[in-house]
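Down below is the structure, laid out as structure tokens.
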Amino acid sequence: MPLLELKNLTKAFGGLMAVNDVSIHVEQGEIVGLIGPNGSGKTTTFNCINQFFPVTSGDIFFKGKSVIGLKPHQICLLGIGRTFQILKPLARMTVLDSVAASAFCRVNTIKEARNEALKVLDFCKFDHQKDKLVNNLPVAGRKRLEITRALATKPELLLLDETAAGLNPGELEEAVGLIKKIRENGISILIVEHIMKVVMTLSDRIHAINFGRTIAEGTPREVANNPAVIKAYLGETHAQG
């Protein structure tokens, strides 16, 4: 039984079909990449998994049970954590308190929340920034904070939405190392990423969508060589070449 299974997921906004009959699964311990050009429906898919958006049709199963109709916080408590493409941090908080705020979904006191936050900050090698105001963090720091806050909810499945965007080569290497470490710690991952080197390096399997529809799925090599994927990213000429 897959950890996460999307069955014929469809999400329409009026006449716009943002996600159209997409089926994806993530097994325990896997990293699955979800790729596609801008506007292809990747973040909308994440928002449906978390039920920020109600689905138009289809179903979403986590550990064999449908999550349709649940509230986002209930889905978080089931064990699905996520980061967001557009960063909206708690800017006037310290890094420690920002992570502790996420930990409150699992604990009941400030002391417990801060203790959990310190553990996650240490895991992410971010504890040296714990007293810094979030507003003073650079892009790489805010990206690392997003992952740290998601981990503080103790997920079994982590949805990563473009956590490598805007990073320099050294920061990219660190981000890849952290994502590998998260998987080694027993957390499965569904990752949306435009930097192909990152997603191809990390993913066991890749699912490609365009205009809301599945165009390819398979190993990184199979998807990278798929004519439909090449056409979606580079155009008809490259696909024929």
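Of everything in region 164-216 that is of a type in the set (Gly, Ala, Ser) and in a strand (DSSP E or B), the residue that is farthest from Asn226 (Cα to Cα) is Ser188. Based on what the data block shows, is Asp204 within 25 Å of Asn8 (Cα to Cα), out of contact with any Leu (no Cβ under 9 Å at 6 or more places or on another chain) and surrounded by fewer than 18 Cβ atoms within 10 Å (Cβ to Cβ)? It is true that Asp204 is within 25 Å of Asn8 (Cα to Cα), out of contact with any Leu (no Cβ under 9 Å at 6 or more places or on another chain) and surrounded by fewer than 18 Cβ atoms within 10 Å (Cβ to Cβ). Restricting region 192-201 to residues that are buried (at least 19 other Cβ atoms within 10 Å of the Cβ) and closer than 17 Å to Gly39 by Cβ leaves a set whose member that is modelled with the lowest pLDDT is Glu193. Within region 46-57, the presence of at least one residue that is polar (S, T, N, Q), in contact with a helix residue (DSSP H, G or I) (Cβ under 6 Å, 6 or more places away or on another chain) and farther than 17 Å from Arg205 by Cα is confirmed. For region 217-237, filtering for residues that are assigned to a helix (DSSP H, G or I) and modelled with pLDDT under 90 leaves 5. For region 136-143, indicate whether the set of residues that are assigned to a loop (DSSP other than H, G, I, E, B) and farther than 19 Å from Pro72 by Cβ is non-empty. The answer is yes; a qualifying residue exists. Restricted to helices (runs of 4 or more DSSP H) entirely inside region 1-112, those with at least 2 residues that are of a type outside the set (Gly, Ala, Ser) and surrounded by fewer than 15 Cβ atoms within 10 Å (Cβ to Cβ) are 72-78. Per the conditions (1) under 24 Å from the mean Cα position of the chain (by Cα); (2) surrounded by fewer than 20 Cβ atoms within 10 Å (Cβ to Cβ); (3) more than 12 Å from Leu151 (Cβ to Cβ); (4) of a type outside the set (S, T, N, Q), the sole criterion not satisfied by Lys119 is (3). Going through region 207-226 one residue at a time, which ones are among the hydrophobic types (A, V, I, L, M, F, W, C), surrounded by 18 or more Cβ atoms within 10 Å (Cβ to Cβ) and either in contact with a Ser or Thr (Cβ under 7 Å, 6 or more places away or on another chain) or within 19 Å of Thr163 (Cα to Cα) (or both)? The answer is Ala208, Ile209.
The values are calculated or read from the model by the stated rules, or taken from the named source; none is laboratory data. These numbers come from a predicted model, not from an experiment. All Cβ positions, even for glycine, are placed from backbone atoms using ideal geometry, and neighbour counts span all protein chains on display.
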